[in-house]
Every structure is written in structure tokens, then in C-alpha cells.
Amino acid sequence: MTVISKLSIHQFRNLHTQHIKPCETINLFIGDNAQGKTNLIEAIYYLGHNRSFKTKILKEVIGFTCNKFQLSAQVDEYLIKLEKSKNQNTVTLNQKKINNTSQLSQILPIQIITPDKGFIVNGTPKNKRSYLDWGVFHVKPESAKIFKNYNKILKNINTLLANQQTNELNFWFLELAKVSIIINKNRVDYLQQLKQTLLSKQTKTLDPLIDSLDQFNYQFSSGWPKEVDETNEQSICQYLNKNTPSLLRVKHLNYGSHKANINFMFNGKNECFFSRGEQKTLSIIFWLAQVVLLVNLNIKPIILIDDLSSELDHTKINIILHYLKDLKVQTFITDIGHNSSIINHINPVIFQMYQGEIKQQD
Ligand SMILES: Nc1ncnc2c1ncn2[C@@H]1O[C@H](COP(=O)(O)OP(=O)(O)O)[C@@H](O)[C@H]1O
Ligand SMILES: [Mg+2]
């Protein structure tokens with residue numbers, strides 16, 4: 001089980017230099033707007049990914065008037081420490097420097113639910129792929145290397161296309177086809193597992209969130225056009241060879257695993273017709289199904305939910321909170337605090353947030 005037993009913050013956004021000791025179950029952070037709730041969620045996310053979900057610019061997350069930030073967390077037997085400034089980028093694990101951040105994601109697997117990152121239902125293809133590949137990575141950690149390799153090959157192909165160099169193209173097309181087949185298979189296998197989880201008893205208590213999960217469906221597209229058999233090297237290469245002149249014209253490869261997508265449907269309705277509330281509810285079901293799947297495999301991610309109440313009514317909040325409580329995974333929830341009566345049912349540990357200061361409530 002993954003548990004953050006201590007979290008220390010120094011000069012991260014508006015958060016004061018402080019440490020907190022979260023509980024193993026549900027931690028609730030209450031505060032008005034602009035007090036630092038999202039900043040706290042961002043800090044925890046940063047520790048598991050070595051990056052923010054809001055910005056790529058380091059300066060934005062360092063406290064105004066400061067020149068570096070430090071974050072650390074005791075996660076089970078591991079002490080993760082990040083120290084970042086314009087000139088320094090140090091990540092240590094139990095006092096030893098590490099370069100491989102996928103190691104961080106394994107020690108601190110995080111499922112994040114925040115409007116800032118966008119929902120997956122009716123979300124961007126990029127968001128959907130990142131959702132899918134997060135699951136694939138945790139089920140098969142070796143897939144991180146495969147993705148890296150794919151991106152390297154893709155970069156080579158795009159450089160060749162941009163420079164109108166055709167002599168090595170066929171070699172790299174074949175390399176890409178080989179890796180793309182593995183990525184596709186991992187994704188399809190994973191989605192199959194996810195579907196089973198969604199239809200299992202374990203997600204039954206989520207059914208009242210929507211009328212019935214049975215009428216919920218999704219279609220995966222591999223990223224290759226329909227005429228290509230994405231499980232076959234020859235078919236992929238043939239397609240790429242045939243289309244080389246048009247690829248040379250557009251100067252990049254616009255098909256492949258990097259363009260995969262998922263299309264969600266409910267009651268025969270396409271996701272683009274869902275309301276924001278429906279998008280959020282359905283996305284939460286998918287995120288939670290992913291957590292359940294991993295819990296079954298004995299990998300216990302922690303869950304971050306920013307702005308729980310926005311776009312959800314009391315009944316839905318209640319169902320989700322009880323579900324989280326029964327899941328027995330460590331959860332960090334932020335909320336503006338207008339729903340304390342429902343939230344108090346599940347006895348969370350409550351922290352009040354005020355101008356960047358986090359105080360545990362007695
Ligand atoms: N790098 C930074 N240094 C100091 N304060 C920051 C920084 N970045 C954002 N803030 C402040 O953090 C506050 C917003 O915090 P946020 O966590 O988004 O609030 P909320 O509680 O509404 O989620 C704003 O007042 C903003 O000015
Ligand atoms: Mg916020």
C-alpha cells in the first residue's frame with residue numbers, strides 16, 4: 001500500500017514552509033478560493049512525476065521572491081526529495097540521486113482527478129492516451145522503455161521527413177511498426193481488463209452515479225487508419241511505404257500509436273453531447289475503475305481530487321466519498337467546504353487552508 005506519512009513543503013507556490021502528517025485514508029483540505037488547495041495537490045503530484053500538471057515553467061511553481069523550492073515525502077520506506085532552482089534539479093530517493101523518474105511513479109503512483117488536467121470523457125486525445133498509458137505503465141512497468149523507444153524512432157522519422165531524406169526511412173518504418181504493435185497490444189489488453197473491472201461487482205456501488213454502467217461503452221482506435229492492420233508489421237510498413245510521398249509533403253508522421261484515441265459513449269450517445277457534470281461523473285468512474293484494477297493487482301495508488309464539489313450534486317459526492325472510503329487507499333481531497341455535512345459522514349482527517357498555511361483540525 002502506498003502511504004505518504006509525512007509531506008514537507010518549502011517555497012512551493014504560495015504554500016508556507018511547513019510539514020503535514022496525513023492519515024492513511026481520507027485527508028480533506030478545506031479553504032476558500034485562492035488559499036493554496038490546488039497548489040497542495042500540485043505539490044503532491046510533483047513528487048510522483050517530477051513535474052507539474054499545470055505548467056512546464058519551473059519559475060511559476062517557485063514561491064514569488066524565492067529562487068528555489070524543495071518538496072519531500074516519506075512514502076512507505078522511501079524518502080523522496082526534490083530540490084529545484086534555475087541551476088539545480090536534484091531528485092533523491094533515500095538520499096541517493098536518481099535520474100529515472102519512472103521510478104518515482106512506481107513508488108508514488110498517483111491518480112489525479114482535477115478539472116485543471118481536463119476530464120478524460122470528452123477530453124483531448126492526449127489526455128485519453130495519458131490516462132490509458134498510466135494504467136498500462138503500472139500494470140507493465142517495462143512499457144516505459146517501450147514508449148521511450150517509440151518516441152525516439154518517431155523523432156528520427158520526423159527528422160528524415162522534414163529533411164526530405166528517404167534512404168533510411170524504410171528501416172525506421174519497420175522499427176516503428178514493431179514497437180507500435182507492442183504498444184497497441186498492451187493498450188488493448190489493458191482496456192480489456194478495465195472493461196472487466198467496470199462490469200464487475202466491485203464497481204456496482206458506483207452504478208447510481210449514472211443509470212447503469214452496462215450502457216456505457218467505448219471504442220479504442222489504434223492511431224492507424226482503418227485500412228491498416230495494427231497488429232501486423234507488414235501491413236503497417238506497406239501503408240507507410242505507399243504513403244511516403246504524402247508524408248514527405250506534410251513533413252511528419254500523422255498516424256501511429258502516438259495518435260491513438262478512445263471514444264466514449266453512453267446510452268448510444270457520443271461523449272461530445274454529455275454535459276460537464278456527466279463528463280466529470282463518467283471520468284471519475286473511469287479513474288476509479290483504474291484504481292480498483294490496480295488495487296486488485298496489489299498496487300495501491302494514492303488519489304488526489306481537487307475541487308470535489310464543483311459540478312457534482314450531494315448524492316453523487318456522497319456515493320464517491322463512500323466508495324473512496326471503502327477502497328482503503330490514501331486520498332487527498334480539496335474542497336471549498338460547503339458540503340461539510342455529507343463529507344463528515346466518512347470521518348476524514350480535516351485540514352484547514354488559509355493563505356498558504358495548512359492546519360490540521362482537532
Ligand atoms: N509561484 C507562486 N508563488 C506564490 N504564490 C503563488 C504562486 N503561484 C500561484 N500563487 C498564488 O496561489 C494562489 C492560488 O492558489 P490555488 O492553490 O490555486 O488556490 P485554491 O485554494 O483556490 O485552489 C493565488 O493567490 C496565487 O497568486
Ligand atoms: Mg483550486
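The values are calculated or read from the model by the stated rules, or taken from the named source; none is laboratory data. In this text the structure is predicted, and so the values were computed from the model without any measurement. FYI the Cβ positions are ideal-geometry reconstructions off the backbone, even for glycines, and counts take in every protein chain you see.
Search segment 48-62 for residues being part of a helix (DSSP H, G or I) and over 10 Å from Arg13 (Cα atoms), and hand back the single one that is nearest to ligand 1 (Cβ to nearest atom).
Step one: filter segment 48-62 for residues part of a helix (DSSP H, G or I), giving 48-49, 58-61.
Keeping just the survivors that are over 10 Å from Arg13 (Cα atoms) gives 48-49, 58.
Values: Gly48: 18, His49: 18, Leu58: 10 Å.
Ranking the candidates gives Leu58 first.
Residue by residue through segment 196-217, note down the ones that are in contact with a strand residue (DSSP E or B) (Cβ under 9 Å, 6 or more places away or on another chain) and farther than 13 Å from Ile285 by Cα.
Residue satisfying the conditions is Gln215 alone.
Suppose we filter Asn241, Asn263 for residues that are over 16 Å from Asp133 (Cβ atoms), surrounded by fewer than 17 Cβ atoms within 10 Å (Cβ to Cβ) and touching a strand residue (DSSP E or B) at 6+ places or on another chain (Cβ under 8 Å); which single one remains?
Numbers: Asn241 fails: touching a strand residue (DSSP E or B) at 6+ places or on another chain (Cβ under 8 Å).
Answer to the check: Asn263.
How about segment 321-336: which of its residues are hydroxyl-bearing (Ser, Thr, Tyr) and more than 16 Å from ligand 2 (Cβ to nearest atom)? Steps first, answer last, please.
Narrowing segment 321-336 to residues hydroxyl-bearing (Ser, Thr, Tyr): 323, 331, 334.
Residues satisfying the conditions are Tyr323, Thr331.
Test each condition in (1) more than 22 Å from Val3 (Cα to Cα); (2) surrounded by 13 or more Cβ atoms within 10 Å (Cβ to Cβ) for Pro141 and report the one that comes out false.
With respect to (1) more than 22 Å from Val3 (Cα to Cα); (2) surrounded by 13 or more Cβ atoms within 10 Å (Cβ to Cβ), Pro141 is out only on (1).
Please pick out the residue among Gln11, Gln70, Gln35 that is within 15 Å of ligand 1 (Cβ to nearest atom) and within 21 Å of Gln352 (Cβ to Cβ).
Working: Gln11 fails: within 21 Å of Gln352 (Cβ to Cβ); Gln70 fails: within 21 Å of Gln352 (Cβ to Cβ).
Unique residue meeting the criteria: Gln35.
Can you pull out every residue in segment 307-362 that is assigned to a loop (DSSP other than H, G, I, E, B), modelled with pLDDT under 90 and more than 13 Å from ligand 1 (Cβ to nearest atom)? Step through it out loud before you land on a result.
Taking segment 307-362 and keeping what is assigned to a loop (DSSP other than H, G, I, E, B), we get 307-313, 328-330, 336-339, 345-348, 355-356, 361-362.
From what's left, modelled with pLDDT under 90: 308-313, 337-339, 345-347, 362.
Answer for segment 307-362, where residues must be assigned to a loop (DSSP other than H, G, I, E, B), modelled with pLDDT under 90 and more than 13 Å from ligand 1 (Cβ to nearest atom): Glu311, Leu312, Asp313, His338, Asn339, His345, Ile346, Asn347, Asp362.
Conditions first: (1) within 15 Å of ligand 1 (Cβ to nearest atom); (2) modelled with pLDDT of 95 or more; (3) not charged (D, E, K, R). Thr65 passes all but one, so which condition is the exception?
All conditions are met except number (2).
Out of the residues in segment 30-56 that are under 22 Å from Pro301 (Cα atoms) and over 16 Å from the mean Cα position of the chain (by Cα), state the one that is nearest to ligand 2 (Cβ to nearest atom). Outline the logic, then answer.
Looking only at segment 30-56, we keep the residues that are under 22 Å from Pro301 (Cα atoms), and these are 37-54.
Then drop every residue that is not over 16 Å from the mean Cα position of the chain (by Cα), which leaves 37, 39-40.
Numbers: Lys37: 5, Asn39: 8, Leu40: 9 Å.
Top of the filtered list is Lys37.
Taking the condition assigned by TED's automatic domain parsing to the domain that holds Lys126 and either out of contact with any Phe, Trp or Tyr (no Cβ under 6 Å at 6 or more places or on another chain) or under 23 Å from Trp134 (Cβ atoms) (or both), does Val329 pass?
Numbers: assigned by TED's automatic domain parsing to the domain that holds Lys126: no; either out of contact with any Phe, Trp or Tyr (no Cβ under 6 Å at 6 or more places or on another chain) or under 23 Å from Trp134 (Cβ atoms) (or both): yes.
Answer is no for this residue.
Does segment 63-84 contain at least one residue that is within 16 Å of ligand 2 (Cβ to nearest atom), in a loop (DSSP other than H, G, I, E, B) and crowded, with 16+ Cβ neighbours inside 10 Å?
no
For segment 96-106, check the following and say yes or no: at least one residue is touching a residue at least 40 places away in the same chain (Cβ under 8 Å), among the polar types (S, T, N, Q) and over 23 Å from Trp134 (Cα atoms).
Quick first cut of segment 96-106, residues touching a residue at least 40 places away in the same chain (Cβ under 8 Å) only: 101-102, 104-105.
Going one step further and asking which of them are among the polar types (S, T, N, Q), we end up with 101-102, 105.
Going one step further and asking which of them are over 23 Å from Trp134 (Cα atoms), we end up with none.
No, the conditions are met nowhere in segment 96-106.
Taking the residues in segment 266-285 that are of a type outside the set (S, T, N, Q) and crowded, with 22+ Cβ neighbours inside 10 Å as candidates, determine which candidate is nearest to Asn39 (Cα to Cα).
Step by step, filter segment 266-285, then rank; the result is Ile284.
Please go through segment 331-355 and give me each residue that is closer than 21 Å to Arg13 by Cβ and of a type in the set (A, V, I, L, M, F, W, C), ordered by number. Spell out how you get there, then give the answer.
So the first thing to find is which residues in segment 331-355 are closer than 21 Å to Arg13 by Cβ, and the list is 332-337, 351-355.
Result: Phe332, Ile333, Ile336, Phe351, Met353.
Mind checking which residues of segment 75-84 are within 19 Å of Glu42 (Cβ to Cβ) and in contact (Cβ under 8 Å) with a residue 24 or more places away in the chain?
Start the filter on segment 75-84 by keeping residues that are within 19 Å of Glu42 (Cβ to Cβ), which leaves 75, 80-84.
Matches in segment 75-84: Val75, Ile80, Leu82, Lys84.
From the list Ile44, Ile113, exactly one residue is under 29 Å from Gln279 (Cβ atoms), surrounded by 18 or more Cβ atoms within 10 Å (Cβ to Cβ) and in contact with a helix residue (DSSP H, G or I) (Cβ under 6 Å, 6 or more places away or on another chain). Which is it?
Values: Ile44 fails: in contact with a helix residue (DSSP H, G or I) (Cβ under 6 Å, 6 or more places away or on another chain).
So the residue among Ile44, Ile113 that is under 29 Å from Gln279 (Cβ atoms), surrounded by 18 or more Cβ atoms within 10 Å (Cβ to Cβ) and in contact with a helix residue (DSSP H, G or I) (Cβ under 6 Å, 6 or more places away or on another chain) is Ile113.
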